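**Student:** I'd like to ask you about the structure that follows.
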Amino acid sequence: MRHIIAILLQNEAGALTRVAGLFSSRGYNIESLSVAPTQDPTVSRITLVTKGSDQVIHQIASQLLKLVDVVGVDDMTSGKHLERELLLIKLEVAPDRRAAFDALIARDGARVIADQVTSIIVELTSSEAAVTRLVRELAGVASIREVVRSGALGIGQGGAAKP
């Protein structure tokens with residue numbers, strides 16, 4: 001099962017390496033990883049996506065909490081949350097395919113952020129499924145030159161803030 005895990009940790013050199021090392025040393029794969037400071041500049045938040053059973057994820061969380069830099073761990077998948085991913089995609093669109101391209105972009109709420117003679121760059125912020133679908137559908141109407149995805153970001157809904 002796919003899990004989104006939020007980890008708060010001290011914003012210190014080597015802290016991210018220790019978290020990634022824990023996953024690597026135990027043979028767990030990190031599918032996506034995003035790190036940024038929180039409203040407190042001394043604390044960063046890691047949002048990562050991995051796969052495993054609930055038992056495996058519980059074990060990972062317990063092991064993460066043993067790391068000296070880790071302040072908190074939350075498996076967001078177990079609670080009500082919102083999830084988004086950012087896509088930037090560079091394409092080449094033939095003039096006779098532009099109408100189909102524009103229709104796909106409009107349907108999914110994406111937007112063109114750079115329209116050059118030789119390429120178009122599109123931005124979409126949506127669910128992982130919607131991002132994947134748009135990339136697949138755009139491949140049918142354009143030549144994809146480059147794809148950049150942020151990986152999942154998540155935030156819990158309601159109540160007090162969690163990691």
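**Student:** Quick check: the angle from helix 98-108's long axis to the longest principal axis of the chain, C-alpha only, nearest 10 degrees?
**Tutor:** The angle comes out at about 30 degrees.
**Student:** To test your reading of the geometry: what angle, between 0 and 90 degrees and rounded to tens, separates the Cα axis of helix 54-65 from the longest principal axis of the chain?
**Tutor:** 70
**Student:** Now for a separate question. Tell me the per residue accessible area of segment 26-163 using a 1.4 Å probe; a whole number in Å² is fine. List each step's numbers first, then the result.
**Tutor:** Details: 7950 Å² over 138 residues.
Accessible surface, normalised per residue, equals 58 Å².
**Student:** Once the chain is represented by equal point scatterers at the alpha-carbon sites, with solvent omitted, what log10 I(q)/I(0) does the Debye formula produce at q = 0.09, 0.13, 0.19 Å⁻¹?
**Tutor:** With one equal scatterer per Cα and no solvent, log10 I(q)/I(0) is -0.39, -0.71, -1.09.
**Student:** If you take the charge dipole of the chain about its Cα centre, with +1 on Lys and Arg Cβ and -1 on Asp and Glu Cβ, which of S119, A99, H81 is farthest toward its positive end?
**Tutor:** Selected residue: H81.
**Student:** Next question, about the same structure. Which ³J(HN,Hα) values, rounded to whole Hz and listed in residue order, are derived for segment 122-134 from phi using the Karplus coefficients 6.51, -1.76 and 1.60 in 6.51 cos²θ - 1.76 cosθ + 1.60 with θ = phi - 60°, glycine and proline given as x?
**Tutor:** Karplus values, whole Hz, x for Gly and Pro: 10, 10, 9, 10, 6, 6, 4, 5, 5, 5, 4, 4, 5.
**Student:** Mean-square fluctuation check for the chain, GNM, Cα pairs under 10 Å: which of S44, S25, S78 is largest?
**Tutor:** Maximum fluctuation in the GNM of the chain, among the listed residues, is at S25.
The values are calculated or read from the model by the stated rules, or taken from the named source; none is laboratory data. Because the structure is a prediction, the values reported are computed rather than measured. Cβ: placed from backbone, ideal geometry, glycine included. Neighbour counts: every protein chain shown. Accessible surface areas use protein heavy atoms only, side chains included; no ligands, DNA or RNA. Shrake-Rupley method; radii C 1.70, N 1.55, O 1.52, S 1.80 Å.
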